[in-house]
Number of protein chains: 4
Amino acid sequence: MSSFRAQKMAKKKQEILRSAAAVLIEKGYQGTTMEEIAAKLLMTKGSMYYYFKNKDDLLHQCHLMIMELCLEGIETVFNSDCTPIEKLRNAIKEHILLATSEKSMFMALAKPNHNFSDEQLKEVLELRKIYSQYFDRIINEGIEKQVFENVDVKMARLIILGALNWIQEWYDQDGPQSAEEISDAYARYLLKMIIKEK
Amino acid sequence: MSSFRAQKMAKKKQEILRSAAAVLIEKGYQGTTMEEIAAKLLMTKGSMYYYFKNKDDLLHQCHLMIMELCLEGIETVFNSDCTPIEKLRNAIKEHILLATSEKSMFMALAKPNHNFSDEQLKEVLELRKIYSQYFDRIINEGIEKQVFENVDVKMARLIILGALNWIQEWYDQDGPQSAEEISDAYARYLLKMIIKEK
Amino acid sequence: MSSFRAQKMAKKKQEILRSAAAVLIEKGYQGTTMEEIAAKLLMTKGSMYYYFKNKDDLLHQCHLMIMELCLEGIETVFNSDCTPIEKLRNAIKEHILLATSEKSMFMALAKPNHNFSDEQLKEVLELRKIYSQYFDRIINEGIEKQVFENVDVKMARLIILGALNWIQEWYDQDGPQSAEEISDAYARYLLKMIIKEK
Amino acid sequence: MSSFRAQKMAKKKQEILRSAAAVLIEKGYQGTTMEEIAAKLLMTKGSMYYYFKNKDDLLHQCHLMIMELCLEGIETVFNSDCTPIEKLRNAIKEHILLATSEKSMFMALAKPNHNFSDEQLKEVLELRKIYSQYFDRIINEGIEKQVFENVDVKMARLIILGALNWIQEWYDQDGPQSAEEISDAYARYLLKMIIKEK
DNA sequence: GATGAATGAGCGTTCATTCAT
DNA sequence: TATGAATGAACGCTCATTCAT
């Protein structure tokens, strides 16, 4: 079947995406060259165009892959039968672990590239929105169950995600704090922000 | 006096820096071209080299100018005789106002560029550190006076600054929330995170 | 084998070097543009960077190629079993033929460029020194065999090479004198300068 | 009278030319910037355009000034009542002294620039021809008086001038040989080349 | 499928030149 | 006269993209 070929191609694509994501996160879109991505995979830059239409396409699919990973994580958290407090704590921890893991990609690519077509942009933003909404839903759950303060959900979520996304700017794998410690502290403080005081 | 000329040149430099900061924030270092900076001022890119040695110099001074503005703001806040709670609230508000003002520059330039010389990098990071330390000192004051929880100061500060710096990623001058409203909400929630409950 | 590709690349490099040498000799280092070199070969300047790291690299290799050609010629002359007189005559003629041949490059590049790295400069000067020394050795041989006057070898050599290198400044392929005639005259007069009179 | 103004201007021109010649000889036409020339005279580059139409004009007048100096020297030598041998010796020495003097300009500017207008080129070449002809005339005198061999005058002159002009390529004010020693050696050897043997 | 080679558009930078003051 | 300021053309170089093989 051709599905064999297709599978092989998909695998290669994944490989490229992973490599590309790493470089892209480190150097930014403009600072990353096709050659650099290719070199890391022992390919030539010409070959990349067999798998991706162009650099923007590559970046776009990078975003999609990363967002998919994130969504997977948060869905699991959301669908668990924990309390809202537990869910928010887990969502925060999951986010941080993803953002600091060696695969370390993530929302790192803060601004979906300016070169993106409307189509591409819409797609990424949609996923991002879905991701955000999971947080909103968790927060809403907490408010309804009266364990969270009656906060402005959007504001609270923006503060939380902002705090989380900033981690990549300063996180150092060899720094004094482990990802585990960081995620503990972040979860604790951010929860305190919205948990209802007895 | 020649100081007249010098003054005029300084003014032009400021003008260029402001224009550069705007582009820089929107497009990032690599995405910013000398031509675009110049075009916004109805100049030609060649002219920029009369005022700045090169792109890195221009961008470096951009960082310095922005950080200076920030430092001015926080110093005033810190040296006022408010309570730690008031100080933190004001620091947060000031930061947001700067980040959303039309002059809109700021720490936007998350990662001082890779091309920077060690000298330049050190200079910017130093200023950034000073800025951060003001927050640390405010938080410490609050802990000492027992109005803040006994938090990990560094973590708390990172959460706060992360939340604040993310605003630029989504803030829209014509959006539903005014900068005023945003800064109110942010201050309230972030303060709740560290204020000691009675 | 990959040696096929390598060979093809080497050939192209040679081609480019020859073109570059021609322009270089005519216009000097600063006057030579990558575009002009490329245009002569119906290439675009961007392509040159596939073969050479940068302009300095290209020009440096130009020097090396030219010097190699010169050294080949003089080595053959020196290692022949002619008398010193014959050797000097042949060395002069060989030099002129090279300098006036259509491949016309040569020591034309009087001053190895200022932009050259120390490494590059050293390399070129070393080759140049070797070339000069062949002349010195021929002259010394003549002195020892008492067919040449007891001249200051360095001075004599400088006079000879100076006279030879000047030819490119005025030689015109379509001028009244053929390269052959010129080299005859030069050899005769320059020899008379140092040959011992009976 | 306006001749006062004119005189002052002429003086300034001379000053600029001298400074320009020094830089031009050291760095070549393309390597020399108007700014550099101006800076040496504590002027701004814009001011140079009051005295010279453009860079080519400046270079052109440089050539003229230099050639004038050379012509002065050789005329004096030629019109003296020395023997042809003495005259040639003196011409050679004079040439070398000029070429190595601290004012060190001279035919250094080997190739009248490519940008020169036909008019400018013609003018320089004309002066250069006159200079050459003085050598020819001296040589001819020597032949007629039977103190020189019956050489091809043009060839002999080209050899001599070539040898002389090469000196600038290697002469080092702080080198082992003084200009005096060099000119002695050059005169001796070059004369031997054409003097009739008894 | 993969690559060597070429292309062309664009960028940072330099610099001769101009011109109002 | 002299200069501060601006301009624009040109150059070296990079890099995404293409395409024949």
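A few notes on this one:
- Pair list, Cβ < 9 Å and 6+ apart or interchain, from the stretch B:64-75 residues that are within 18 Å of B:Phe116 (Cβ to Cβ) to residues that are assigned to a helix (DSSP H, G or I) and among the hydroxyl-bearing types (Ser, Thr, Tyr): B:Met67/B:Tyr131
- Here D:Gln7 does not fit the description of being within 14 Å of chain C (Cβ to nearest Cβ) and within 12 Å of DNA strand F (Cβ to nearest atom).
- D:Val151, sole failed condition from (1) without any contact (Cβ under 8 Å) to a residue 60 or more places away in the chain; (2) within 11 Å of chain C (Cβ to nearest Cβ); (3) over 13 Å from D:Leu88 (Cβ atoms): (3)
- Considering the conditions (1) of a type outside the set (Phe, Trp, Tyr); (2) assigned to a loop (DSSP other than H, G, I, E, B); (3) within 12 Å of DNA strand E (Cβ to nearest atom); (4) surrounded by 13 or more Cβ atoms within 10 Å (Cβ to Cβ), C:Leu42 is excluded by exactly one of them, (4).
- Across the stretch A:154-198, the number of residues qualifying as in contact (Cβ under 8 Å) with a residue 40 or more places away in the chain and of a type in the set (S, T, N, Q) comes to 4.
- Qualifying residue in the stretch C:17-29 (condition: at pLDDT below 95, of a type in the set (Lys, Arg) and closer than 19 Å to C:Trp166 by Cβ): yes
- Subset of the stretch C:47-68 (residues that are more than 12 Å from DNA strand E (Cβ to nearest atom) and either in contact with a strand residue (DSSP E or B) (Cβ under 9 Å, 6 or more places away or on another chain) or basic (Lys, Arg) (or both)): C:Lys53
- Checking B:Lys196 against (1) more than 8 Å from every other protein chain (Cβ to nearest Cβ); (2) modelled with pLDDT of 95 or more, the condition it does not meet: (2)
- Criterion (exposed (fewer than 14 other Cβ atoms within 10 Å of the Cβ), closer than 23 Å to C:Ser101 by Cα and at pLDDT 95 or above) met by exactly one of C:Glu35, C:Glu68, C:Glu75: C:Glu75
- Among the residues listed as C:Ile66, C:Ile96, C:Ile85, the single one being more than 16 Å from DNA strand F (Cβ to nearest atom), part of a helix (DSSP H, G or I), within 14 Å of another protein chain (Cβ to nearest Cβ) and in contact with a Leu (Cβ under 8 Å, 6 or more places away or on another chain): C:Ile96
The values are calculated or read from the model by the stated rules, or taken from the named source; none is laboratory data. These numbers were taken from a predicted model, which means no experiment stands behind them. Positions of Cβ are generated from backbone atoms using ideal geometry, with glycine treated the same way; all protein chains shown enter the neighbour counts.
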